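The values are calculated or read from the model by the stated rules, or taken from the named source; none is laboratory data. Please read these numbers as outputs of a predicted model, since none were measured by experiment. Reconstructed Cβ throughout: ideal geometry from the backbone, glycine too, with neighbour counts over all protein chains shown. With ligands, DNA and RNA removed, areas are computed over all heavy atoms of the protein, side chains included. Shrake-Rupley method; radii C 1.70, N 1.55, O 1.52, S 1.80 Å.
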Amino acid sequence: MYATLLADARFHELLLTIDRDLADACRTTGCLACGGCLHSARYPRKPRGRPKTLAGRLGPEHDRRFSFCCAVDGCRGRETPASLRFLGRRVYLAAIVVLIAILQNGATDARTERLSQIVRVDRRTLERWRQWWRDAFTATPFWRIARARFIPPVDHTWMPASLLDCFAGDGADRLVALLRFLGPISGGAGMQAR
Ligand SMILES: [Zn+2]
């Protein structure tokens, strides 16, 4: 199911649409440092993990991250809105960082097996992601506050599968909800590790 979703251009268009909405909201808010107007300063990102079957089917805007620069002279403020496509500076699509980590967590059913055939991620990267979800993510100030809204508490051992399970709907709904939930830590400086 997730393999099908990732290979579906409509899913990527949906993420782009939501990112655009988040960018519009960011721009409307203005510069957080001085309140000045923001100018578009998108920058190129070539995310890994997109199924090859999508090559040539997604426009160039899929390879750009929305970002803004303050128009006020001397401010140099830069705002990079939350994103459902890019998780901080990670080179892989945010959806991949979630789904492949779930695979790594021991999910063995055929649907997730197919995912690993579509997207190749080396073992060291996988291990890094697994540790990030279990240890680093769960220690972020963001999660320490946000975790309170989940009852019963989310089991850290099975992150991010246990977190994905907290959201309602079908596979796409839950994945989009989780990516949206992660928005606050998806900003350019939100995450150091790759
Ligand atoms: Zn400013």
With a 1.4 Å probe and every protein chain left in place, work out the accessible area per residue of the chain in Å², rounded to a whole number.
-> 53
Determine the share of the chain's accessible area contributed by carbon and sulfur atoms, expressed in whole percent, with a 1.4 angstrom probe.
-> 52
For the stretch 171-184, Karplus couplings with θ = phi - 60° (6.51, -1.76, 1.60), whole Hz, Gly/Pro x | x, 5, 4, 5, 5, 5, 4, 5, 4, 5, 4, 6, x, x
HN-Hα couplings for the stretch 123-134 via Karplus (6.51, -1.76, 1.60; θ = phi - 60°), in whole Hz with x for Gly/Pro, come out as 5, 5, 5, 4, 5, 4, 5, 4, 5, 4, 4, 6
The answer for Phe86, listing residues at least 5 apart or on another chain whose modeled amide H is closer than 5 Å to its amide H, is Ala94
Lys/Arg Cβ at +1, Asp/Glu Cβ at -1, dipole of the chain taken about the Cα centre: which of Ala55, Leu163, Gly30 is farthest positive-ward?
-> Ala55
